[in-house]
1. Among (1) near the ligand (Cβ under 6 Å from one of its atoms); (2) closer than 15 Å to LEU288 by Cα, where does PHE57 come up short?
2. Would you check if THR189 is assigned to a strand (DSSP E or B) and polar (S, T, N, Q)?
3. What's the number of the condition PRO247 fails, among (1) open to solvent by 20 Å² or more (accessible area, probe 1.4 Å); (2) not assigned by TED's automatic domain parsing to the domain that holds ARG180?
4. Scan the stretch 160-189 for residues that are out of contact with any strand residue (DSSP E or B) (no Cβ under 7 Å at 6 or more places or on another chain), surrounded by 17 or more Cβ atoms within 10 Å (Cβ to Cβ) and at pLDDT below 95 and jot them down.
5. I'm trying to understand the selection: among the residues of the stretch 1-46, which are part of a loop (DSSP other than H, G, I, E, B) and within 10 Å of the ligand (Cβ to nearest atom)?
6. What number of residues within the stretch 47-58 satisfy the criterion of being in a loop (DSSP other than H, G, I, E, B) and either open to solvent by 40 Å² or more (accessible area, probe 1.4 Å) or free of Cβ contacts under 8 Å to residues at least 40 places away in the same chain (or both)?
7. For the stretch 60-91, name all the residues that are without any contact (Cβ under 8 Å) to a residue 24 or more places away in the chain, more than 10 Å from the ligand (Cβ to nearest atom) and outside any strand (DSSP E or B).
8. Exactly one of these conditions fails for ARG257: (1) more than 26 Å from ARG95 (Cα to Cα); (2) more than 14 Å from the ligand (Cβ to nearest atom); (3) within 24 Å of the chain's Cα centre (by Cα); (4) open to solvent by less than 60 Å² (accessible area, probe 1.4 Å). Give me its number.
Amino acid sequence: MREVDVAVIGAGPAGLFAAYYAGFRGLSVSVIDALPEPGGQVTAMYPEKLILDVAGFPAIKGRELVTNLVAQAAPFHPDYRLGVRAEKLSYLDGRPVLGLAGGEQLSCGAVLITGGLGSFTPRPLPVAESFTGGGIVYFVPQPTELTDRHVLIVGGGDSAFDWAATLAPLARSVTLVHRRDRFRAHAGTIERVRALPVRIVVNAEVSRLYGEETVTGAELTVRGGEVETLPVDTVVAALGFTADLGPLAEWGLNLDRRHIVVDSAMATNLPRVFAAGDITEYPGKVRLIATGFGEAATAVNNAAVVIDPTAHLFPGHSSDGT
Ligand SMILES: Cc1cc2nc3c(=O)[nH]c(=O)nc-3n(C[C@H](O)[C@H](O)[C@H](O)COP(=O)(O)OP(=O)(O)OC[C@H]3O[C@@H](n4cnc5c(N)ncnc54)[C@H](O)[C@@H]3O)c2cc1C
């Protein structure tokens, strides 16, 4: 069984900062996330939006914040397990043992749950269920990979419009199709996209995908029966995500509705299990990236003392070593 000092469940902002912090404290760290990309809600829901309330950054795009967090932790070589859900928690000789989807087990000095809203699952694109080829994505980690491609974006929320704004200058064509004529996206983003070379088709659904190994075209059916076929190299399905606590709800954690109750050390009711970020609950809790960062630092420093009782709670200043 693989051993690690700290297993962080969730690669959102809190989990990524915890990975840096564990490394800074000289602890080995694994970061597990059910999603295929790091960044949690930021990557899944608003990678192109400007965030204005992260200390030290007057304005930073979600995607850049995540890139910076990954870069900040990189010198400590976190072991990322992306696209893998943490399923089970048990104990062996007093150490938590984390069971991952696929059957792998990690013996941990401590577990830090930074699971945010819980595990996210992209809402599937119905027409894609019967399509066996590739070319259908739920995230666009590297927008430049879609340079000169015909892109079809499905959805009417913030993510759909964010992807449209990002891809319009790169792609050969961008078509955004939405099954209603009202959008859920931020009004300013909608106006920005309307000014770009993006074709917006409303009251329409993708009724068929063409292609064998990968998608080459799509059929759109507009309400009323009108059908059109267009060339497509990539479909970006931006239909949102479902989130639930999933397996964490069965671990015996003290829960307050969908949140984990922690004390001022970010400790849960289970031995050697800490939590930080949106998933925690305590009197006065505020769910923001800024507060999640602080909680992650508190949780890792307290975990460090549990792992090695001779360690100091205060980590020293990072600037001391520079
Ligand atoms: C549209 C929008 C705009 C926002 N704007 C701002 C803003 O301007 N400023 C601000 O401060 N906050 C903002 N927020 C809130 C902010 O995004 C959250 O506070 C922040 O993402 C919480 O970070 P986190 O690391 O706690 O959790 P999350 O970002 O939710 O990440 C949790 C991760 O844990 C993973 N996970 C959960 N359970 C498991 C499991 N069992 N196994 C494996 N992985 C698991 C999930 O897949 C997810 O990736 C916004 C939120 C939204 C939706």
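The values are calculated or read from the model by the stated rules, or taken from the named source; none is laboratory data. Everything quoted here is computed from the prediction, not taken from an experiment. Backbone-built Cβ (ideal geometry, glycine too); neighbour counts: all protein chains shown. All accessible areas refer to the heavy atoms of the entire protein, side chains included, with ligands and DNA or RNA removed. Shrake-Rupley method; radii C 1.70, N 1.55, O 1.52, S 1.80 Å.
1. All conditions are met except number (1).
2. On the way: assigned to a strand (DSSP E or B): no; polar (S, T, N, Q): yes.
It is false that THR189 is assigned to a strand (DSSP E or B) and polar (S, T, N, Q).
3. Only one criterion in (1) open to solvent by 20 Å² or more (accessible area, probe 1.4 Å); (2) not assigned by TED's automatic domain parsing to the domain that holds ARG180 is unmet by PRO247, namely (1).
4. In the first step, residues of the stretch 160-189 are kept if they are out of contact with any strand residue (DSSP E or B) (no Cβ under 7 Å at 6 or more places or on another chain); the result is 161-162, 165-166, 169-170, 178, 180-189.
Remaining after also requiring surrounded by 17 or more Cβ atoms within 10 Å (Cβ to Cβ): 161-162, 165-166, 178, 183, 185, 189.
The answer is PHE161, ASP162, ALA165, THR166, ALA185, THR189.
5. Just the residues of the stretch 1-46 that are part of a loop (DSSP other than H, G, I, E, B), to begin with: 1, 10-12, 25-28, 34-39, 46.
GLY10, ALA11, GLY12, ALA34, LEU35, PRO36, GLU37, PRO38, GLY39, TYR46, listed by residue number.
6. Quick first cut of the stretch 47-58, residues in a loop (DSSP other than H, G, I, E, B) only: 47-49, 52-53, 55-56, 58.
Within this subset, residues satisfying the condition of being either open to solvent by 40 Å² or more (accessible area, probe 1.4 Å) or free of Cβ contacts under 8 Å to residues at least 40 places away in the same chain (or both) are 49, 52-53, 55-56, 58.
The total comes to 6.
7. GLU64, THR67, ASN68, ALA71, ALA74 - these are the residues of the stretch 60-91 that are without any contact (Cβ under 8 Å) to a residue 24 or more places away in the chain, more than 10 Å from the ligand (Cβ to nearest atom) and outside any strand (DSSP E or B).
8. The single condition ARG257 does not satisfy is (4).
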